[in-house]
Each structure stands twice: as structure tokens, then as C-alpha cells.
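Report on the structure given below.
The values are calculated or read from the model by the stated rules, or taken from the named source; none is laboratory data. These figures come from a predicted structure and were not determined experimentally. So basically every Cβ, Gly included, is an ideal-geometry build from the backbone, and we count neighbours across all protein chains shown.
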Amino acid sequence: MTADDLYQAEIVARAKSGAGDSRLDPHDARATVDNPLCGDRVTLDLSLAAGHVVALGHRTRGCALCQAAAETLRRCAPGMAPSEAPAHREALAAYLAGRQDLPERLADFSAFAPVRSHPSRQGCVLLPFEAFIEAAAMVDPDRR
């Protein structure tokens, strides 16, 4: 599989649409995570109401996969409870590993199917979820 197979038009379009700074101010929680292997960095903001995400913002410095994943998460997150973050991360990891289909809530992540045959790049797609989990822990102390 070539880089062209990995960086399909939908991934590139999502990366471009999420390439700006969509951080939220004010926000209820903010977390920054890094991938020391490739240098990707995601700063993610959560805005909550009634125990659910009403908005997710991010600033992502990294490859197109990481940028596209952060933007996809921004679109999928409204309505999620912060306590769901770890389960959603595990569901996406299982999908990328070829062990299961995506749950309905994460259906937009099907665009990352080409990453399934590139295990070394799966961390780029999962990094925004790591930031989501850290931010969620700030508003849900039982998850720490």
C-alpha cells in the first residue's frame, strides 16, 4: 500500500478543514497530548452542558491522519458523555486493528479504513482520543 492509498481524498479534506485552530474559549476542560514517536500534538477543549459534550475544539499539529482524526472527533463528540471517551477510543482501536466494526456513534471514522493495514500509523488516528480521555478526566474525577 502506498501513501496515496493511505491519504485518500476524504482524509486530506478533513485534515484541511480541521487544520486551523478551533479551540474553545471558554471551555470546561483542556488537555494536550503528544506522540513522541512522530511529533504529533493535539490540544483538545471540551465544552459541556448537562453532563454531555456540546462542543469540542482542537488545535492539532501533526500529520494529515492526526489532523483528520481530530476534526472527525470534533464532529462526532457533541452528545457524548465524557465517561464514554475510553470506550470510544477502544472501539476505534479495535476497528483499526480489524477486530470489530465501528459503533454507530463513530461511523464517520470509517474513512480511516486504509489505516487498518498500517499499524504504525494507527496511533496518529487515536491521539485525539487520548486527549479526549485526558480532558474528560478533568471533568469526571472518577475516570482519573
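Taking region 26-48 as the range and being under 16 Å from M138 (Cβ atoms) and either out of contact with any strand residue (DSSP E or B) (no Cβ under 8 Å at 6 or more places or on another chain) or among the hydrophobic types (A, V, I, L, M, F, W, C) (or both) as the test, the residues that pass are A29, A31, V33, V42, L44, L46, L48.
The sole residue among L73, L48 that is in contact with a helix residue (DSSP H, G or I) (Cβ under 8 Å, 6 or more places away or on another chain), of a type in the set (A, V, I, L, M) and either modelled with pLDDT under 95 or farther than 21 Å from S110 by Cα (or both) is L48. Give just the number: which of (1) within 21 Å of T32 (Cβ to Cβ); (2) surrounded by fewer than 20 Cβ atoms within 10 Å (Cβ to Cβ); (3) among the hydroxyl-bearing types (S, T, Y) does T72 not satisfy? Here T72 clears every test but (2). The set of residues in region 19-45 being among the basic types (K, R) and either at pLDDT 95 or above or in a strand (DSSP E or B) (or both) consists of R30, R41. Of the residues making up region 122-136, none is exposed (fewer than 14 other Cβ atoms within 10 Å of the Cβ), at negative phi and either in a helix (DSSP H, G or I) or in contact with a Ser or Thr (Cβ under 7 Å, 6 or more places away or on another chain) (or both). Scanning region 95-121 for residues that are surrounded by 14 or more Cβ atoms within 10 Å (Cβ to Cβ), out of contact with any Asp or Glu (no Cβ under 7 Å at 6 or more places or on another chain), among the hydrophobic types (A, V, I, L, M, F, W, C) and within 23 Å of V53 (Cβ to Cβ) returns L96, L102, L106, F109, F112. Considering only region 49-69, I want to know if a residue exists there that is in a loop (DSSP other than H, G, I, E, B), within 16 Å of F132 (Cα to Cα) and either in contact with a Pro (Cβ under 7 Å, 6 or more places away or on another chain) or polar (S, T, N, Q) (or both). No, region 49-69 contains no residue that is in a loop (DSSP other than H, G, I, E, B), within 16 Å of F132 (Cα to Cα) and either in contact with a Pro (Cβ under 7 Å, 6 or more places away or on another chain) or polar (S, T, N, Q) (or both).
If the condition is being part of a helix (DSSP H, G or I) and more than 19 Å from A13 (Cα to Cα), then region 91-121 contributes A91, L92, A93, A94, Y95, L96, E104, R105, R116, S117, P119, S120.
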